[in-house]
Amino acid sequence: MSEQITQNAPPVKVLLLGLDMGQFDAERSMDELAALCEANNMEAVASLLQKKGAPEAGTVLGEGKLAEARLTCENLGAEAAVFDGELSGSQLRNISDALGVEVIDRTMLILEIFRSRAVTGEGKVQTELALLRYRLPRLAGLGEALSRQGGGGGGGGGARRGAGESKLEYDRRHVRRRIEALEQKLAELEKRRGENRRARQRAGTPVVSLVGYTNVGKSSLLNALCGSDALEADMLFATLDPTARKLTLPSGLNVVAVDTVGFVSRLPHKLVEAFKSTLEAAAYSDVIVKVADAADSEREAQLEVTDQVLAELGCGGIPQITVYNKCDKAGAVPFQPGVLLTSARTGRGLDALLQKLDEALSDRVRAVKMLLPYGKLSLAEAMRSRGSVTVEDYREDGVWFEGFVKSTDLHLYLPYLEQ
(Lines give C-alpha, C1' and ligand atoms only; values in the text may rest on other atoms or scores of the structure.)
Protein backbone atom coordinates (compact mmCIF):
# COMPACT_ATOMS: atom_id res chain seq x y z
CA MET A 1 0.00 0.00 0.00
CA SER A 2 2.72 2.47 0.94
CA GLU A 3 4.37 2.16 -2.49
CA GLN A 4 1.15 3.37 -4.12
CA ILE A 5 0.66 6.44 -1.96
CA THR A 6 2.41 9.75 -2.51
CA GLN A 7 1.33 13.23 -1.59
CA ASN A 8 1.11 14.18 -5.31
CA ALA A 9 -1.00 11.19 -6.34
CA PRO A 10 -4.81 11.25 -6.26
CA PRO A 11 -6.25 9.85 -3.01
CA VAL A 12 -6.65 6.09 -2.79
CA LYS A 13 -10.33 5.23 -2.33
CA VAL A 14 -10.85 3.04 0.73
CA LEU A 15 -13.68 1.41 2.64
CA LEU A 16 -13.64 1.70 6.43
CA LEU A 17 -14.55 -1.39 8.47
CA GLY A 18 -15.13 -1.68 12.19
CA LEU A 19 -16.51 -3.91 14.93
CA ASP A 20 -18.52 -2.40 17.78
CA MET A 21 -18.50 -4.61 20.88
CA GLY A 22 -19.43 -1.75 23.22
CA GLN A 23 -15.90 -1.30 24.60
CA PHE A 24 -15.48 2.31 23.37
CA ASP A 25 -17.22 4.91 21.21
CA ALA A 26 -16.93 3.01 17.95
CA GLU A 27 -18.57 5.67 15.78
CA ARG A 28 -16.16 8.36 16.95
CA SER A 29 -13.27 5.95 16.44
CA MET A 30 -14.42 5.42 12.85
CA ASP A 31 -14.50 9.20 12.33
CA GLU A 32 -10.95 9.34 13.62
CA LEU A 33 -9.98 6.50 11.28
CA ALA A 34 -11.34 8.55 8.36
CA ALA A 35 -9.17 11.49 9.46
CA LEU A 36 -6.14 9.18 9.68
CA CYS A 37 -6.87 7.99 6.14
CA GLU A 38 -7.01 11.59 4.95
CA ALA A 39 -3.60 12.18 6.55
CA ASN A 40 -2.28 9.26 4.47
CA ASN A 41 -3.72 10.51 1.16
CA MET A 42 -6.70 8.14 1.27
CA GLU A 43 -10.34 8.97 0.70
CA ALA A 44 -12.91 7.08 2.78
CA VAL A 45 -15.77 6.47 0.35
CA ALA A 46 -17.91 4.50 2.83
CA SER A 47 -17.92 3.14 6.36
CA LEU A 48 -19.38 -0.15 7.63
CA LEU A 49 -19.63 -0.79 11.36
CA GLN A 50 -20.98 -4.09 12.70
CA LYS A 51 -22.29 -4.51 16.24
CA LYS A 52 -21.45 -7.93 17.66
CA GLY A 53 -20.81 -9.35 21.09
CA ALA A 54 -17.63 -11.12 19.96
CA PRO A 55 -15.54 -11.22 16.76
CA GLU A 56 -15.53 -14.07 14.29
CA ALA A 57 -12.28 -15.99 14.73
CA GLY A 58 -11.12 -15.94 11.11
CA THR A 59 -12.66 -12.78 9.72
CA VAL A 60 -13.70 -10.64 12.75
CA LEU A 61 -16.82 -9.51 10.86
CA GLY A 62 -19.74 -11.77 9.99
CA GLU A 63 -20.26 -13.37 6.59
CA GLY A 64 -23.18 -11.09 5.74
CA LYS A 65 -21.29 -7.90 6.60
CA LEU A 66 -18.32 -9.05 4.51
CA ALA A 67 -20.62 -9.68 1.55
CA GLU A 68 -22.03 -6.18 1.98
CA ALA A 69 -18.50 -4.79 2.16
CA ARG A 70 -17.52 -6.54 -1.09
CA LEU A 71 -20.51 -5.05 -2.91
CA THR A 72 -19.70 -1.62 -1.48
CA CYS A 73 -16.13 -1.84 -2.77
CA GLU A 74 -17.35 -2.85 -6.22
CA ASN A 75 -20.05 -0.18 -6.42
CA LEU A 76 -17.94 2.71 -5.10
CA GLY A 77 -14.61 1.75 -6.64
CA ALA A 78 -12.80 1.24 -3.33
CA GLU A 79 -9.25 0.04 -3.98
CA ALA A 80 -8.58 -1.09 -0.41
CA ALA A 81 -10.19 -1.47 3.01
CA VAL A 82 -8.98 -0.20 6.39
CA PHE A 83 -10.05 -2.00 9.58
CA ASP A 84 -10.45 -0.03 12.81
CA GLY A 85 -8.32 -2.26 15.04
CA GLU A 86 -5.44 -4.73 14.91
CA LEU A 87 -5.68 -7.81 12.71
CA SER A 88 -3.56 -10.95 12.54
CA GLY A 89 -1.96 -12.06 9.28
CA SER A 90 -4.60 -14.72 8.68
CA GLN A 91 -7.42 -12.26 9.39
CA LEU A 92 -5.93 -9.77 6.95
CA ARG A 93 -5.74 -12.49 4.29
CA ASN A 94 -9.25 -13.82 4.95
CA ILE A 95 -10.90 -10.39 4.86
CA SER A 96 -8.92 -9.46 1.74
CA ASP A 97 -10.05 -12.68 0.02
CA ALA A 98 -13.66 -11.99 1.00
CA LEU A 99 -13.59 -8.38 -0.26
CA GLY A 100 -11.34 -8.81 -3.30
CA VAL A 101 -9.18 -5.81 -2.30
CA GLU A 102 -6.12 -5.24 -0.13
CA VAL A 103 -6.77 -4.76 3.61
CA ILE A 104 -4.70 -2.96 6.24
CA ASP A 105 -5.49 -2.27 9.89
CA ARG A 106 -5.49 0.85 12.06
CA THR A 107 -2.01 0.31 13.52
CA MET A 108 -0.46 -0.25 10.11
CA LEU A 109 -2.13 2.93 8.85
CA ILE A 110 -0.64 4.99 11.69
CA LEU A 111 2.76 3.42 11.08
CA GLU A 112 2.54 4.31 7.38
CA ILE A 113 1.74 7.93 8.31
CA PHE A 114 4.69 8.05 10.68
CA ARG A 115 6.97 6.52 8.05
CA SER A 116 6.00 9.06 5.39
CA ARG A 117 6.20 12.07 7.73
CA ALA A 118 9.43 11.38 9.63
CA VAL A 119 12.08 14.02 8.93
CA THR A 120 15.07 13.36 11.17
CA GLY A 121 17.40 10.42 10.64
CA GLU A 122 16.40 8.82 13.91
CA GLY A 123 12.72 9.32 13.20
CA LYS A 124 13.07 7.57 9.84
CA VAL A 125 14.94 4.65 11.41
CA GLN A 126 12.38 4.27 14.20
CA THR A 127 9.39 4.38 11.88
CA GLU A 128 10.84 1.87 9.43
CA LEU A 129 11.82 -0.44 12.30
CA ALA A 130 8.36 -0.27 13.88
CA LEU A 131 6.68 -0.91 10.53
CA LEU A 132 8.86 -3.93 9.75
CA ARG A 133 8.37 -5.41 13.23
CA TYR A 134 4.62 -5.09 12.80
CA ARG A 135 4.61 -6.47 9.27
CA LEU A 136 6.87 -9.48 9.90
CA PRO A 137 4.27 -11.78 11.55
CA ARG A 138 1.64 -10.56 9.05
CA LEU A 139 3.54 -10.97 5.77
CA ALA A 140 1.34 -13.84 4.66
CA GLY A 141 -1.73 -11.63 4.88
CA LEU A 142 -0.45 -8.35 3.47
CA GLY A 143 -1.18 -8.93 -0.21
CA GLU A 144 0.80 -9.91 -3.29
CA ALA A 145 3.00 -6.81 -3.31
CA LEU A 146 4.18 -7.34 0.25
CA SER A 147 4.50 -11.10 0.61
CA ARG A 148 3.94 -13.50 -2.29
CA GLN A 149 4.89 -13.49 -5.95
CA GLY A 150 2.13 -14.08 -8.41
CA GLY A 151 2.11 -17.13 -10.68
CA GLY A 152 4.59 -19.89 -9.99
CA GLY A 153 4.70 -21.70 -13.29
CA GLY A 154 2.14 -23.22 -15.54
CA GLY A 155 0.86 -25.71 -13.00
CA GLY A 156 -2.29 -25.54 -10.95
CA GLY A 157 -2.94 -24.11 -7.51
CA GLY A 158 -0.30 -26.30 -5.91
CA ALA A 159 2.45 -24.84 -8.09
CA ARG A 160 1.38 -21.29 -7.30
CA ARG A 161 1.16 -22.08 -3.60
CA GLY A 162 4.65 -23.56 -3.50
CA ALA A 163 6.23 -20.57 -5.25
CA GLY A 164 4.36 -18.22 -2.95
CA GLU A 165 5.63 -19.95 0.16
CA SER A 166 9.20 -19.81 -1.16
CA LYS A 167 8.91 -16.10 -1.84
CA LEU A 168 7.28 -15.56 1.55
CA GLU A 169 10.19 -17.20 3.37
CA TYR A 170 12.64 -15.11 1.34
CA ASP A 171 10.75 -11.96 2.36
CA ARG A 172 10.85 -13.00 6.01
CA ARG A 173 14.63 -13.46 5.93
CA HIS A 174 15.06 -10.13 4.20
CA VAL A 175 12.85 -8.34 6.76
CA ARG A 176 14.69 -9.98 9.70
CA ARG A 177 18.07 -8.86 8.32
CA ARG A 178 16.77 -5.33 7.82
CA ILE A 179 15.37 -5.26 11.36
CA GLU A 180 18.75 -6.32 12.80
CA ALA A 181 20.55 -3.58 10.84
CA LEU A 182 18.04 -0.92 11.94
CA GLU A 183 18.23 -2.03 15.58
CA GLN A 184 22.01 -1.59 15.53
CA LYS A 185 21.76 1.82 13.88
CA LEU A 186 19.06 2.94 16.31
CA ALA A 187 21.16 1.90 19.31
CA GLU A 188 23.96 4.16 18.05
CA LEU A 189 21.55 7.07 17.52
CA GLU A 190 20.00 6.61 20.98
CA LYS A 191 23.46 6.69 22.56
CA ARG A 192 24.20 9.97 20.80
CA ARG A 193 20.82 11.39 21.83
CA GLY A 194 21.50 10.46 25.43
CA GLU A 195 24.81 12.32 25.31
CA ASN A 196 23.08 15.41 23.89
CA ARG A 197 20.42 15.25 26.61
CA ARG A 198 23.04 14.98 29.37
CA ALA A 199 24.88 17.98 27.90
CA ARG A 200 21.67 19.99 27.98
CA GLN A 201 21.02 18.95 31.56
CA ARG A 202 24.54 20.04 32.53
CA ALA A 203 23.87 23.40 30.91
CA GLY A 204 20.80 23.62 33.12
CA THR A 205 18.36 24.82 30.45
CA PRO A 206 14.81 23.96 31.55
CA VAL A 207 12.65 22.09 29.04
CA VAL A 208 8.92 22.66 28.60
CA SER A 209 7.11 19.98 26.56
CA LEU A 210 3.80 20.53 24.80
CA VAL A 211 1.89 17.24 24.69
CA GLY A 212 -1.64 16.25 23.82
CA TYR A 213 -3.96 14.72 21.31
CA THR A 214 -3.03 15.17 17.68
CA ASN A 215 -4.50 18.26 15.98
CA VAL A 216 -5.25 20.26 19.17
CA GLY A 217 -2.99 23.13 18.07
CA LYS A 218 0.32 22.37 19.80
CA SER A 219 2.40 23.63 16.87
CA SER A 220 0.27 26.76 16.59
CA LEU A 221 0.72 27.36 20.32
CA LEU A 222 4.48 26.90 20.00
CA ASN A 223 4.58 29.44 17.18
CA ALA A 224 2.45 31.92 19.13
CA LEU A 225 4.67 31.64 22.22
CA CYS A 226 8.06 31.58 20.52
CA GLY A 227 7.46 33.37 17.25
CA SER A 228 8.74 30.28 15.45
CA ASP A 229 7.69 28.67 12.19
CA ALA A 230 6.83 25.09 13.14
CA LEU A 231 4.56 23.34 10.65
CA GLU A 232 0.85 23.95 11.28
CA ALA A 233 -1.86 21.97 9.52
CA ASP A 234 -5.45 20.94 10.25
CA MET A 235 -4.51 17.27 9.93
CA LEU A 236 -3.72 14.37 12.23
CA PHE A 237 0.02 13.86 12.79
CA ALA A 238 1.05 16.99 10.87
CA THR A 239 4.08 17.10 13.20
CA LEU A 240 6.07 13.95 14.02
CA ASP A 241 9.65 14.84 14.80
CA PRO A 242 10.11 16.95 17.93
CA THR A 243 10.42 20.69 17.30
CA ALA A 244 12.40 22.70 19.85
CA ARG A 245 12.39 26.49 20.16
CA LYS A 246 13.86 29.00 22.62
CA LEU A 247 11.27 30.68 24.85
CA THR A 248 11.93 33.56 27.26
CA LEU A 249 9.54 33.70 30.22
CA PRO A 250 8.37 36.97 31.86
CA SER A 251 10.93 36.45 34.64
CA GLY A 252 13.66 36.45 32.02
CA LEU A 253 14.38 32.74 32.31
CA ASN A 254 15.26 31.13 28.99
CA VAL A 255 13.72 27.70 28.43
CA VAL A 256 13.46 25.24 25.55
CA ALA A 257 9.88 24.62 24.38
CA VAL A 258 9.38 21.29 22.61
CA ASP A 259 6.41 20.32 20.44
CA THR A 260 5.93 16.53 20.55
CA VAL A 261 4.02 14.08 18.38
CA GLY A 262 0.27 14.00 19.04
CA PHE A 263 -1.60 11.09 20.56
CA VAL A 264 -4.67 9.24 19.29
CA SER A 265 -7.12 7.02 21.09
CA ARG A 266 -6.08 3.39 21.53
CA LEU A 267 -2.49 4.24 20.58
CA PRO A 268 -0.81 0.81 20.65
CA HIS A 269 1.96 0.38 23.19
CA LYS A 270 4.36 -0.65 20.43
CA LEU A 271 3.96 2.82 18.92
CA VAL A 272 4.83 4.48 22.22
CA GLU A 273 7.99 2.39 22.31
CA ALA A 274 8.78 3.02 18.66
CA PHE A 275 8.59 6.79 18.79
CA LYS A 276 10.20 7.61 22.09
CA SER A 277 12.66 9.93 20.30
CA THR A 278 9.84 12.45 20.20
CA LEU A 279 7.76 11.25 23.14
CA GLU A 280 10.65 11.07 25.57
CA ALA A 281 10.99 14.85 25.35
CA ALA A 282 8.10 14.80 27.82
CA ALA A 283 9.79 12.27 30.09
CA TYR A 284 12.90 14.45 30.41
CA SER A 285 11.17 17.82 30.65
CA ASP A 286 10.91 20.12 33.66
CA VAL A 287 7.27 21.08 32.98
CA ILE A 288 4.64 19.38 30.81
CA VAL A 289 1.94 21.49 29.16
CA LYS A 290 -1.03 19.24 28.34
CA VAL A 291 -2.93 20.82 25.46
CA ALA A 292 -6.58 20.05 24.74
CA ASP A 293 -8.99 21.38 22.10
CA ALA A 294 -11.49 23.61 23.95
CA ALA A 295 -13.94 23.33 21.05
CA ASP A 296 -13.94 19.51 20.98
CA SER A 297 -16.74 17.82 22.93
CA GLU A 298 -14.37 14.88 23.57
CA ARG A 299 -11.62 17.04 25.08
CA GLU A 300 -11.78 15.33 28.48
CA ALA A 301 -11.53 11.89 26.88
CA GLN A 302 -8.55 13.13 24.87
CA LEU A 303 -6.87 14.36 28.05
CA GLU A 304 -7.37 10.88 29.50
CA VAL A 305 -5.53 9.43 26.48
CA THR A 306 -2.74 11.95 27.09
CA ASP A 307 -2.55 11.01 30.78
CA GLN A 308 -2.38 7.30 29.91
CA VAL A 309 0.54 7.79 27.51
CA LEU A 310 2.37 10.08 29.96
CA ALA A 311 1.94 7.41 32.65
CA GLU A 312 3.50 4.82 30.30
CA LEU A 313 6.45 7.18 29.84
CA GLY A 314 6.90 7.58 33.62
CA CYS A 315 6.04 11.28 33.75
CA GLY A 316 4.03 11.17 36.99
CA GLY A 317 6.45 13.27 39.03
CA ILE A 318 6.82 16.12 36.51
CA PRO A 319 4.79 19.35 37.08
CA GLN A 320 1.92 19.54 34.59
CA ILE A 321 -0.19 22.46 33.33
CA THR A 322 -3.45 21.79 31.48
CA VAL A 323 -4.35 24.22 28.70
CA TYR A 324 -7.56 24.36 26.70
CA ASN A 325 -6.47 25.77 23.34
CA LYS A 326 -8.66 27.02 20.44
CA CYS A 327 -10.95 28.75 22.95
CA ASP A 328 -11.92 31.22 20.20
CA LYS A 329 -13.79 28.33 18.56
CA ALA A 330 -15.43 27.03 21.74
CA GLY A 331 -18.33 29.49 21.76
CA ALA A 332 -20.34 29.45 24.99
CA VAL A 333 -18.88 26.20 26.32
CA PRO A 334 -18.89 26.40 30.16
CA PHE A 335 -15.55 25.77 31.86
CA GLN A 336 -14.70 25.50 35.52
CA PRO A 337 -13.29 28.68 37.13
CA GLY A 338 -9.52 28.78 36.96
CA VAL A 339 -9.28 26.70 33.78
CA LEU A 340 -6.51 28.04 31.55
CA LEU A 341 -8.00 28.95 28.17
CA THR A 342 -5.73 29.92 25.28
CA SER A 343 -6.02 30.80 21.63
CA ALA A 344 -2.93 30.67 19.46
CA ARG A 345 -4.88 32.62 16.82
CA THR A 346 -6.05 35.57 18.96
CA GLY A 347 -3.38 35.46 21.67
CA ARG A 348 -5.87 35.03 24.49
CA GLY A 349 -4.42 33.40 27.60
CA LEU A 350 -0.81 33.30 26.37
CA ASP A 351 0.39 35.73 29.05
CA ALA A 352 -1.36 33.65 31.72
CA LEU A 353 0.31 30.49 30.39
CA LEU A 354 3.74 32.13 30.48
CA GLN A 355 3.08 33.25 34.05
CA LYS A 356 2.10 29.69 35.00
CA LEU A 357 5.33 28.40 33.52
CA ASP A 358 7.27 30.97 35.53
CA GLU A 359 5.52 29.81 38.71
CA ALA A 360 6.24 26.17 37.95
CA LEU A 361 9.92 26.99 37.44
CA SER A 362 10.18 29.61 40.20
CA ASP A 363 12.72 27.58 42.14
CA ARG A 364 15.00 27.58 39.08
CA VAL A 365 15.70 31.34 38.78
CA ARG A 366 16.57 34.36 40.95
CA ALA A 367 16.46 38.07 40.12
CA VAL A 368 19.83 39.76 40.79
CA LYS A 369 21.57 43.14 40.68
CA MET A 370 25.35 43.16 40.87
CA LEU A 371 28.60 44.84 39.89
CA LEU A 372 31.07 42.42 38.30
CA PRO A 373 34.72 43.54 38.31
CA TYR A 374 36.33 43.52 34.87
CA GLY A 375 38.45 40.60 35.94
CA LYS A 376 35.31 38.49 36.63
CA LEU A 377 33.36 39.12 33.42
CA SER A 378 33.62 35.43 32.55
CA LEU A 379 30.80 34.92 35.08
CA ALA A 380 28.48 36.93 32.85
CA GLU A 381 28.45 34.14 30.27
CA ALA A 382 26.57 31.77 32.59
CA MET A 383 24.07 34.54 33.28
CA ARG A 384 23.49 35.14 29.57
CA SER A 385 23.27 31.47 28.58
CA ARG A 386 21.29 30.02 31.50
CA GLY A 387 19.41 33.10 32.71
CA SER A 388 19.03 36.51 31.13
CA VAL A 389 20.46 40.04 31.25
CA THR A 390 18.06 42.99 31.31
CA VAL A 391 20.57 45.76 32.15
CA GLU A 392 24.27 45.88 31.27
CA ASP A 393 26.07 49.13 32.14
CA TYR A 394 29.87 49.56 31.82
CA ARG A 395 31.25 51.62 34.71
CA GLU A 396 34.68 52.66 35.94
CA ASP A 397 35.03 49.81 38.46
CA GLY A 398 33.20 47.08 36.58
CA VAL A 399 30.01 46.19 34.70
CA TRP A 400 26.62 46.61 36.37
CA PHE A 401 24.22 43.74 35.60
CA GLU A 402 20.54 43.34 36.30
CA GLY A 403 18.68 40.20 35.30
CA PHE A 404 18.09 36.61 36.27
CA VAL A 405 20.37 33.72 37.12
CA LYS A 406 19.74 30.04 37.72
CA SER A 407 19.31 29.26 41.42
CA THR A 408 22.05 26.64 41.11
CA ASP A 409 24.41 29.37 39.82
CA LEU A 410 23.60 31.92 42.53
CA HIS A 411 26.64 31.01 44.65
CA LEU A 412 28.92 32.23 41.86
CA TYR A 413 27.64 35.78 42.24
CA LEU A 414 27.22 36.11 46.01
CA PRO A 415 30.34 38.31 46.53
CA TYR A 416 29.12 40.79 43.92
CA LEU A 417 25.38 41.08 44.66
CA GLU A 418 23.88 44.41 45.66
CA GLN A 419 23.33 44.38 49.41
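Counting only heavy atoms of the protein chains and using a 1.4 Å probe, ASP363 has close to 110 Å² of accessible surface.
Can you list the lysines whose alpha carbon is less than 30 Å from that of LYS167, not counting same-chain residues fewer than 8 positions off? Hits, sequence-local ones excluded: LYS13, LYS124, LYS185, LYS270. Cross-link partners of LYS329 among lysines, defined as those whose alpha carbon lies under 17 angstrom from its own and excluding same-chain residues fewer than eight positions apart: LYS218. If you plug the beta carbon distance of GLU169 and GLU86 into 1/(1 + (r/R0)^6) with R0 = 25 Å, you get a FRET efficiency near 0.55.
Residue by residue, region 97-102 carries 3J(HN,Hα) couplings of 5, 5, 8, x, 9, 5 Hz when phi is fed to the Karplus relation 6.51 cos²θ - 1.76 cosθ + 1.60 (θ = phi - 60°); x denotes Gly or Pro.
Remark on GLY212: its backbone amide H falls under 5 Å from those of PHE263, VAL291, a criterion applied only to residues 5 or more positions apart or on other chains, H modelled at 1.01 Å from N.
In sequence order, region 209-225 has phi-based couplings of 9, 9, 10, x, 4, 5, 6, 9, x, 5, 5, 5, 5, 4, 5, 5, 6 Hz under the Karplus curve 6.51 cos²θ - 1.76 cosθ + 1.60, θ = phi - 60°, and Gly or Pro positions carry x.
Between region 308-323 and region 36-57, the alpha-carbon centres lie 31 Å apart.
Keeping every protein chain present and rolling a 1.4 Å probe, give me the accessible area per residue for region 335-403 in Å². Before the final figure, lay out the partial values.
Numbers: 3950 Å² over 69 residues.
That works out to 57 Å² per residue.
Which entries in LYS191/LYS246; LYS191/LYS290; LYS246/LYS369; LYS191/LYS356 show an alpha-carbon gap greater than 31 Å?
Values: LYS191/LYS246 24 Å; LYS191/LYS290 28 Å; LYS246/LYS369 24 Å; LYS191/LYS356 34 Å.
As for pairs spanning more than 31 Å Cα to Cα, those are LYS191/LYS356.
Using a 1.4 angstrom probe with every protein chain in place, what is the largest-first accessible-area order of LYS51, LYS218, LYS167? Provide the component values of the computation, followed by the final result.
Numbers: LYS51 155, LYS218 15, LYS167 60 Å².
Accessible-area ranking of LYS51, LYS218, LYS167, largest first: LYS51, LYS167, LYS218.
Placing pseudo-labels 7 Å out from each Cα toward the beta carbon at GLU38 and GLU298 gives an inter-label distance of 1.3 nm. Between amide H atoms placed 1.01 Å from N, distances below 5 Å from VAL103 occur with ALA81, all of them 5 or more places distant or on a separate chain.
Sorted largest first by accessible area at a 1.4 angstrom probe radius, with every protein chain in place, the residues HIS411, HIS174 fall in the order HIS411, HIS174.
THR127 sits with roughly 0 Å² accessible to a 1.4 Å probe, with DNA, RNA and ligands left out of the calculation.
Of GLU112, GLU180, which has the most accessible area with a 1.4 Å probe, and how do the rest follow in descending order?
On the way: GLU112 5, GLU180 120 Å².
Ranked from most to least accessible, the order is GLU180, GLU112.
The values are calculated or read from the model by the stated rules, or taken from the named source; none is laboratory data. These numbers come from a predicted model, not from an experiment. Methodologically, a virtual Cβ is constructed for each residue, glycine included, from the backbone with ideal geometry; neighbour enumeration extends over all protein chains shown. Accessible surface is based on the protein model in full, side chains and every heavy atom, while ligands, DNA and RNA are left aside. Shrake-Rupley method; radii C 1.70, N 1.55, O 1.52, S 1.80 Å.
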